Amino acid sequence: MRAWLLDKQEGLSALRIDNDAPDPVASDGEVVLQLRYAALNPADRYLAEKQYPARPKLPHVLGRDGVGDVVTTHAAVQPTHGNRMLILRGDTGVQSWGTFAEKTAVAAESIVPIPKGWSDQEAAAGSLVYLTAYQAITQWGPLPKGAVLITGASGGVGIATIQLAKALGLPVIALSRDSSKKVALIKQGASHVADPGNPKWPEEVREALGGKPIELCVENIGGENFSRIVDIMGQNGKISVVGRLAGPVPNFNTASLFFRRMRIGGVAVGTYSALESRNAWDHVVRLLANTGARPLIDSVFPFDQLHQAFERLASGPLGKVLIDIQAR
Ligand SMILES: NC(=O)c1ccc[n+]([C@@H]2O[C@H](COP(=O)([O-])OP(=O)(O)OC[C@H]3O[C@@H](n4cnc5c(N)ncnc54)[C@H](OP(=O)(O)O)[C@@H]3O)[C@@H](O)[C@H]2O)c1
């Protein structure tokens with residue numbers, strides 16, 4: 001099969017197309033999918049750069065999200081040939097070969113049918129970011145009732161979080177550095193969009209909320225703005241730390257935490273068991289069906305242009321970046 005192979009964990013430049021990579025074989029409990037679309041995630045780059053904990057056997061195929069048709073099933077595995085399925089976060093693209101290839105072997109317990117009415121592209125785009133957003137929103141116990149602040153709001157996790165928070169009826173404040181995305185973010189469900197590059201963004205957000213506190217922040221960015229986020233949170237505020245695209249947080253004053261009894265907690269979508277992923281996914285799909293929201297696709301690149309697709313991802317997309325496995 002054709003596959004993008006990573007020979008060394010020395011960055012994305014170490015990726016090369018192999019036209020004759022071995023076809024995957026379905027082991028116990030697995031099926032093989034003939035893939036149609038795969039979505040990119042920043043963690044693919046981190047893994048390629050050895051900045052991610054996984055150390056898969058090399059060569060490795062990256063790619064955690066994808067949609068495809070079942071072409072082989074191991075004995076005693078349920079999904080039947082020809083079923084079009086999407087992959088939920090599991091080992092795919094982490095420890096086992098992923099979706100930047102024509103085929104992938106995946107645990108049958110980690111695939112689900114495409115939600116009703118979704119296109120193949122939408123199905124390929126959604127699962128990892130929605131499950132992450134879901135964990136970020138639900139990990140503190142009772143669902144939040146107050147305002148939610150989302151950083152890096154235009155990215156995959158950001159858009160998914162806006163949509164889920166909106167479906168839960170929560171006011172959403174979105175932070176994006178790019179003013180041209182404002183209208184789109186409001187359309188997705190944000191009540192207000194602010195620019196984290198403007199040092200006065202906290203005042204702007206306080207005004208937009210009319211004095212109401214922020215109960216939860218879904219934090220994708222880290223870096224210098226983190227202290228401002230801690231400052232703006234309400235009493236008992238919670239920050240779900242998802243990513244750190246802007247790097248480490250300098251000069252963090254822990255006093256902010258105890259004065260307002262705040263909590264900061266990491267999100268790790270990879271810690272969901274297959275059953276937890278399926279349960280979370282069912283809830284996500286039901287929530288989205290209530291509002292009619294769907295995964296937002298930023299761009300789709302032909303299979304051979306994976307490097308260009310990663311450049312687009314690094315440039316700050318609006319939604320998800322995909323590759324079309326069958327297009328060259
Ligand atoms: N913990 C987990 O389980 C988990 C799961 C999924 C993802 N993640 C992590 O969460 C983060 C977000 O993932 P994603 O898929 O949403 O990424 P993404 O699709 O690349 O989007 C991130 C958004 O953040 C903004 N951004 C990018 N670089 C930035 C920078 N240096 N400073 C400030 N803003 C920046 C951009 O929006 P604007 O240009 O509009 O500002 C961009 O659209 C990544 O670090 C990813 O690895 C973690």
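The values are calculated or read from the model by the stated rules, or taken from the named source; none is laboratory data. This is a predicted model, so every value here is computed, not measured. Here the Cβ is made from the backbone with ideal geometry for all residues, glycine too, and neighbour counts use every protein chain on show.
The residue that is nearest to the chain's Cα centre (by Cα), counting only those in the range 109-124 that are part of a helix (DSSP H, G or I) and either free of Cβ contacts under 8 Å to residues at least 40 places away in the same chain or farther than 21 Å from S299 by Cα (or both), is S110.
Of everything in the range 265-275 that's more than 16 Å from G63 (Cβ to Cβ) and touching a Leu at 6+ places or on another chain (Cβ under 9 Å), which residue is surrounded by the fewest Cβ atoms within 10 Å (Cβ to Cβ)? Among them, the one singled out is A274. For the range 209-224, the criterion of being in contact with a Gly (Cβ under 9 Å, 6 or more places away or on another chain), farther than 12 Å from I150 by Cα, touching a residue at least 24 places away in the same chain (Cβ under 8 Å) and of a type in the set (V, I, T) is satisfied by no residue at all.
Residue count for the range 183-222, restricted to those that are surrounded by 15 or more Cβ atoms within 10 Å (Cβ to Cβ) and either within 20 Å of the chain's Cα centre (by Cα) or aromatic (F, W, Y) (or both): 14.
Of everything listed in (1) within 16 Å of the ligand (Cβ to nearest atom); (2) modelled with pLDDT of 95 or more; (3) not polar (S, T, N, Q), the single unmet condition for Y52 is (2). Of all the residues in the range 50-98, those that are more than 14 Å from P24 (Cβ to Cβ), surrounded by 24 or more Cβ atoms within 10 Å (Cβ to Cβ) and not acidic (D, E) number 6.
Restricting attention to the range 18-49, and to residues there that are touching a strand residue (DSSP E or B) at 6+ places or on another chain (Cβ under 8 Å) and acidic (D, E), which single residue is nearest to the ligand (Cβ to nearest atom)? Among them, the one singled out is E30. Of everything in the range 233-284 that is of a type in the set (S, T, Y) and under 16 Å from the mean Cα position of the chain (by Cα), the residue that is farthest from the ligand (Cβ to nearest atom) is S277.
Only one entry in F258, F303 is of a type in the set (F, W, Y) and without any contact (Cβ under 8 Å) to a residue 60 or more places away in the chain, namely F258. A single entry from R16, R36, R55, R45 fulfils the requirement of being assigned to a strand (DSSP E or B) and closer than 25 Å to V157 by Cα: R36. Residue selection: I325 fails the criterion of being of a type in the set (V, I, T) and either on the phi > 0 side of the Ramachandran plot or within 16 Å of the ligand (Cβ to nearest atom) (or both).
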